[in-house]
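The values are calculated or read from the model by the stated rules, or taken from the named source; none is laboratory data. This is a predicted model, so every value here is computed, not measured. Quick reminder, even Gly has a Cβ in these numbers, built from the backbone with ideal geometry, and neighbours come from all protein chains shown.
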Amino acid sequence: MSQSEEYGWKLSNLISNSNFKFDREEIINICGKENLVDALKVISNWENYIPTPLISLDELSNQLKLNNIFYKDESKRFNLKSFKALGGAYAVEKVTKGNKNITVSTATAGNHGRSVAWGAKKLGLECKIFISEFVSEIRSQEMKKLGADVIRVKGNYEKSLEECIKQSKTNKWEIVQDVAWKNYEYVPKLTISGYSVMIDEISRQTDQYITHIFLQAGVGGMASGAIAGVAKYFKRIPKIIIVEPENADCVLKSIEKGSLQKVNIQKESIMGGMSCGEVSLVPWQILKNSVNFCTSVADKYVAKTVAMLKNKHFCNKNIIGGECATPGLISLIASCDSANIKEKLELNKSSNVLLIGCEGDADKNLYSELLNKGNKELGN
Ligand SMILES: Cc1ncc(COP(=O)(O)O)c(C=O)c1O
């Protein structure tokens, strides 16, 4: 079967960055070189630390006629089931500096809060987590299991953050937020530095030079952390392609205009952690010049991709990838489905592509819903 008959997938949008200029030093300095070095040292000394698997999707690389496709499986990250375990927990440790009388707080779509709660539990600290009405009960339960007080706020993520800031000021709680705002940049820099550990691991898991990386973005923390890791740990700089949900393409819109743009989200994406309307300030400083291309994809491919990962469609391993693990794959497959786009991105038989499998079944109910739906769509 030809690729287009098999997949027939399309990007919703693709733009290139006219302000592209990758500057290793500048990127490393934005994060803080000492933060990058420290994050690796601290995190790799945590109990039970092991690098997450780097899986070769060899069936898919054959189908798409690429040299290699590597999938970094973050479902295996410290039992927390997402890369976010690297950011929030590390920031908790740094900002509390061994002080046991501090209460930490945060607002979250789920995975960041889980990381903060886990970090607080490890250190025996009180933890207050603010969630919007859209965060599932399962995600809330996971944070409660880690000993956090979970406070549900009416409205969306922004409302939960406003409430978190308000109550934290009144009660003198230490906010550990992954999003930056004016005069709040240190903690987001720490979380980004934590995420860069993924790239250090990859640099030691393969001797192939990565030529392309597809990076998911919500507010841009994960993507900018990975890019800081590339600047620090990779010998050669790959092409960097951002992927977002089509209804929440704030990085794409900002890169297109060359300045920060807000997106008014009309419909929340099923990729909940990535359904963000605004790029965070620190990530933006990194993303604006280091990204080659931005793409966006539709939700309609998510369930099928979840099922394909599980059903060994891309390699002979059974991979648990949740909703936010799929867009890199979707974007790569859709790019290769179009000869023009494939050529534009210089994807060919010498390409070694890196995808980040950001999360596993962090929300078990949603995961099984998507898996069932995807299996039906595949005729299984
Ligand atoms: C589970 C999850 N949450 C959130 C995000 C978005 O991260 P950020 O908001 O740092 O861009 C991703 C991936 O990009 C993700 O996989």
Counting only residues that are surrounded by fewer than 19 Cβ atoms within 10 Å (Cβ to Cβ) and either within 16 Å of the ligand (Cβ to nearest atom) or assigned to a loop (DSSP other than H, G, I, E, B) (or both), how many does the stretch 286-312 have?
-> 3
Looking at (1) under 26 Å from LYS189 (Cβ atoms); (2) modelled with pLDDT of 95 or more, which is the one condition that is false for GLU47?
-> (2)
Restricting attention to the stretch 149-168, which residues are over 15 Å from GLY113 (Cα atoms) and among the aliphatic types (A, V, I, L, M)?
-> none
If we only count strands (runs of 3 or more DSSP E) wholly inside the stretch 138-253, which ones have 1 or more residues that are of a type outside the set (Gly, Ala, Ser) and in the same structural domain as LYS33 (by TED's automatic domain parsing)?
-> 212-216, 239-245
Is there any pair linking a residue in the stretch 50-64 that is of a type in the set (Asp, Glu) to one that is surrounded by fewer than 19 Cβ atoms within 10 Å (Cβ to Cβ) and at pLDDT 95 or above, with Cβ under 6 Å and at least six apart or on different chains, and which?
-> ASP58/CYS315; GLU59/CYS315
Every listed condition ((1) over 21 Å from ASN171 (Cβ atoms); (2) within 15 Å of the ligand (Cβ to nearest atom)) holds for MET143 save (1)
Test ILE241 against the stated conditions and say whether it is in contact (Cβ under 8 Å) with a residue 24 or more places away in the chain, more than 28 Å from SER136 (Cβ to Cβ) and within 16 Å of the ligand (Cβ to nearest atom).
-> yes
Residue by residue through the stretch 143-157, note down the ones that are free of Cβ contacts under 8 Å to residues at least 24 places away in the same chain and not hydrophobic (A, V, I, L, M, F, W, C).
-> LYS144, LYS145, ASP149, ARG152, LYS154, GLY155
Does any residue of the stretch 12-35 turn out to be surrounded by fewer than 19 Cβ atoms within 10 Å (Cβ to Cβ), modelled with pLDDT of 95 or more, within 30 Å of LYS300 (Cα to Cα) and under 18 Å from the mean Cα position of the chain (by Cα)?
-> no
For the stretch 361-371, indicate whether the set of residues that are within 13 Å of the ligand (Cβ to nearest atom), charged (D, E, K, R), part of a loop (DSSP other than H, G, I, E, B) and touching a residue at least 12 places away in the same chain (Cβ under 8 Å) is non-empty.
-> yes
Counting only residues that are surrounded by 15 or more Cβ atoms within 10 Å (Cβ to Cβ) and either assigned to a loop (DSSP other than H, G, I, E, B) or more than 16 Å from the ligand (Cβ to nearest atom) (or both), the stretch 254-276 contains a total of 11
Restricted to the stretch 83-123 and to residues being away from the ligand (no atom under 14 Å from the Cβ) and among the polar types (S, T, N, Q), the residue surrounded by the most Cβ atoms within 10 Å (Cβ to Cβ) is SER105
